[in-house]
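Okay, structure first, notes after.
Since every read-out is calculated from the coordinates, none of them should be taken as a lab result. Nothing here was measured: the structure is a model prediction, and the numbers come from that model. Note that we place each Cβ from the backbone using ideal geometry, even for glycine, and neighbour counts take in every protein chain shown.
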Amino acid sequence: MPELNTLTELTLQWKTEDDTRQFAARLALQLSTLTPEDSLFIELHGDLGAGKTTLVRHLLQTLGVTGRIKSPTYAIVESYDDIKNALYQPLNLWHFDFYRFNDPLEWEEAGFRDIFASRGIKLAEWPEKAAAELPVADIAMIILANMDESRVITVKAQTSIGHKIMAGLQ
């Protein structure tokens, strides 16, 4: 059961991948309340193998994405325009992985400023590699893997839309 630390932070423990899947379903339900005019940015922090991509994969499947869901490690970004909100309006979603960035300016050179300025949902793994080029995330998630393969997750709301999404996760 989630523990509420403050109004802006939630601490969770996932003991199995099914726990990850269940959280992804709760998050998907909240994301489905967004309209095509909304914009949401979620940062995903954690070491290699912590479960960032697994979380995104479960989230996308819950949002109705079918077929193979690829990690964007080499492509840097994968886009999905086949997801719908609760009223079956299309939502755009981009999944970024900045792991291979060596310089934050690569973000600018790749033209990502336009994507981040547009409406839709942006999920970014390794956001620290893009450093100050990124806007403030609405939600920051930190996933820490334990030796027993469980995960401790801290979810932090950092904006008003982040607080709205967070409220539905409690």
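Within a 10 angstrom radius of the beta carbon, how do 77, 152, 56 rank from fewest other beta carbons to most? Numbers along the way, then the final one.
Values: 77 16, 152 13, 56 24.
Going from least to most buried by this count: 152, 77, 56.
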Taking a crude spin-label model, label points 7 Å out from Cα along the C-beta direction, the residue 26 to residue 84 distance in nm is 2.6
Treat each spin label as a single point 7 Å out from the Cα along the C-beta direction, and report the residue 33 to residue 152 distance in nm. 2.9
Work through the residues other than residue 92 whose Cβ is under 13 Å from its Cβ and net out their charges, Lys, Arg +1 and Asp, Glu -1. -3
In what order do 62, 33 fall by count of nearby beta-carbon atoms within 10 Å, going from fewest to most? 33, 62
Once the Cα gyration tensor of the chain is diagonalised, semi-axes √(5λ) in Å: 22, 19, 16
Within-12-Å neighbourhood charge of residue 108 [Cβ basis; K, R +1; D, E -1]: -4
Can you give the local net charge around residue 54? Use residues other than it whose beta-carbon is closer than 10 angstrom to its beta-carbon, Lys and Arg +1, Asp and Glu -1. +3
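Take the cross-link list 84/129; 52/122; 15/84; 70/164; 15/129; 52/156 and give me the ones stretching past 24 Å between alpha-carbons. Walk me through the intermediate numbers first.
Working: 84/129 30 Å; 52/122 14 Å; 15/84 30 Å; 70/164 29 Å; 15/129 28 Å; 52/156 15 Å.
In this structure, 84/129; 15/84; 70/164; 15/129 exceed 24 Å between Cα atoms.
How do 45, 95, 163 line up, fewest other C-beta atoms within 10 Å first? Kindly include the intermediate steps, with their values, before the conclusion.
On the way: 45 18, 95 27, 163 14.
Ranked by crowding around the Cβ, least crowded first: 163, 45, 95.
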Assigned charges on the beta-carbon of Lys, Arg, Asp, Glu; the chain dipole about Cα centre (debye): 460
Determine the calculated [θ] at 222 nm for the chain from helices alone, applying -39500 (n - 2.57) to every DSSP H run no shorter than 4 residues and normalising by the residue count; nearest 500 deg cm²/dmol. -8000 deg cm²/dmol
